[in-house]
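The values are calculated or read from the model by the stated rules, or taken from the named source; none is laboratory data. Note that the structure is predicted; figures quoted are calculated from it, not measured. FYI the Cβ positions are ideal-geometry reconstructions off the backbone, even for glycines, and counts take in every protein chain you see.
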Amino acid sequence: MNIELIRSLFPVTKKIIYFNSASQSPLSTLVNGRLQTHLEIEFNPIGKEGFNRDSTRLLLSKLLGGLPQEYALVTSTGVGIGIVAQGLNLKKGDNVVLPEREHWNNTFPWLQLQKRGVEVRFAKLNEDNSISAQAIEELIDHNTRVLAIAAVRFNSGFRTNLAVIGKMAHEKGALFVVDAAQAAGMVPINIEKYGIDVMAGCGFKWLLGMHGTGFLYVSKKASKIIDPVLAGMFAAVNHFDKLYYYDDSRKYETGTLAYPLFDSWNAGLELLLEIGVENIYAAALENTDFLLEGLCAKESYKIATPTKNREERTAIVHFNAGSLEATQKLYQKLLDNKIVTTLQAENIRVSPNFYNTKEEIKMLLDLL
């Protein structure tokens, strides 16, 4: 990767040190350019052509695996998982298994099913905030209908071994549902290899889009047992007095999307494909190797991210200054020096991306 060329695509790098991609990706010139082009057409819509939804589906399939028609375009991760939770028609006696302290988008949709009598089981985390496959397996039984998990945890940066968890789910006959919000675009994902039945994600983080963009992947096999819950004009064949759903994931779509956002998102997806997620992940590990080494050298800081196994690490690192007050002061100190991170619960979350440099990380470490 030519780091100078890449950094020129992200004007934010000229103004601040941006270590906050786990919250939101800064806008690139490519995405902004596509957006402005779309808006110019809106000013003068003579001869305007409708947005081709298949263009985004194709890019997502190239990036994450699966077939283009197995992707539905949705507005967020939570909407995608919510569609699946409601469409499965689970009943009393069924149960859903997931780790504790998952993101709310992968918790609330399942907890809502408790009013139907569905049991939600939470696997305990290890002391270092990692997830044990054994802890999950112990909760699965013949009534488990769904095993849901984040590919990368937002509150620790832990990377789940999706291949192992997916195999475990299928051996018990459960549907394997993955929240990819903090993974897609940052770590390599192969839907077929990992045995993923359902995966939802958002465009505004590591996929370089903006808020209001997202996807829902449902395999052809899984789509046979997940009903659409909100029929709209893009979910079925246009017929006035009969409802003929499409026989692929398009049936989970509803009405009109924010087409300027999806059109511009395509430019971000194209950039990721050009760079290669494998290269992005390699850069992520190099950055966090350097960051963790620096943090370990400073005894007053506690690292909350699991670090034992490098293959379980990502571009996300959580640490604190020993107390909430001290951590809050440190967060503000970084912000005052134009270093943007996230203050999340009791920790500071640092999430550099491929456009960040070791020099920028060293500046953060020097301020500590």
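Taken residue by residue, segment 122-137 has no member that is assigned to a loop (DSSP other than H, G, I, E, B), more than 14 Å from Glu312 (Cα to Cα) and among the hydroxyl-bearing types (Ser, Thr, Tyr). The residue that is farthest from Pro99 (Cα to Cα), counting only those in segment 200-212 that are in contact with a strand residue (DSSP E or B) (Cβ under 7 Å, 6 or more places away or on another chain) and not small (Gly, Ala, Ser), is Leu207. Per the listing Thr288, Thr314, Thr305, the residue uniquely surrounded by 21 or more Cβ atoms within 10 Å (Cβ to Cβ), over 27 Å from Lys15 (Cβ atoms) and of a type outside the set (Asp, Glu) is Thr305. The set of residues in segment 148-199 that are closer than 15 Å to Leu98 by Cα, in a helix (DSSP H, G or I) and either small (Gly, Ala, Ser) or at pLDDT below 95 (or both) comprises Gly166, Ala169.
Can we say Leu27 is within 22 Å of Asp263 (Cβ to Cβ) and modelled with pLDDT of 95 or more? Full working, then the answer.
Numbers: within 22 Å of Asp263 (Cβ to Cβ): yes; modelled with pLDDT of 95 or more: yes.
Yes: the conditions hold for Leu27.
Suppose we keep only residues that are hydrophobic (A, V, I, L, M, F, W, C) and assigned to a loop (DSSP other than H, G, I, E, B) within segment 10-62. Which one would you say is nearest to Val277 (Cα to Cα)? So the residue we want is Ala22. As a summary of the residue check, Glu100 satisfies the conditions (1) under 28 Å from Tyr194 (Cβ atoms); (2) touching a helix residue (DSSP H, G or I) at 6+ places or on another chain (Cβ under 9 Å); (3) in the same structural domain as Phe234 (by TED's automatic domain parsing) except for the one numbered (2). The residue of segment 317-337 that is surrounded by the most Cβ atoms within 10 Å (Cβ to Cβ), among those that are assigned to a loop (DSSP other than H, G, I, E, B) and in contact with a Phe, Trp or Tyr (Cβ under 9 Å, 6 or more places away or on another chain), is Ala321.
Cβ-Cβ contacts under 9 Å between residues 6 or more apart (or on different chains), taken from a first residue in segment 134-160 that is in the same structural domain as Gly201 (by TED's automatic domain parsing) and within 19 Å of Leu175 (Cα to Cα) to a second residue that is among the acidic types (Asp, Glu) and assigned to a helix (DSSP H, G or I), are listed as Ile140/Glu171; Thr160/Glu312.
When you go through Glu311, Glu293 one by one, which is the residue that is under 21 Å from the mean Cα position of the chain (by Cα), more than 30 Å from Leu88 (Cβ to Cβ) and outside the structural domain of Gly87 (by TED's automatic domain parsing)?
Numbers: Glu293 fails: under 21 Å from the mean Cα position of the chain (by Cα).
So the residue among Glu311, Glu293 that is under 21 Å from the mean Cα position of the chain (by Cα), more than 30 Å from Leu88 (Cβ to Cβ) and outside the structural domain of Gly87 (by TED's automatic domain parsing) is Glu311.
Filtered by the rule that a residue be in a loop (DSSP other than H, G, I, E, B), surrounded by fewer than 23 Cβ atoms within 10 Å (Cβ to Cβ) and of a type in the set (A, V, I, L, M), segment 200-225 gives Met210, Ile225.
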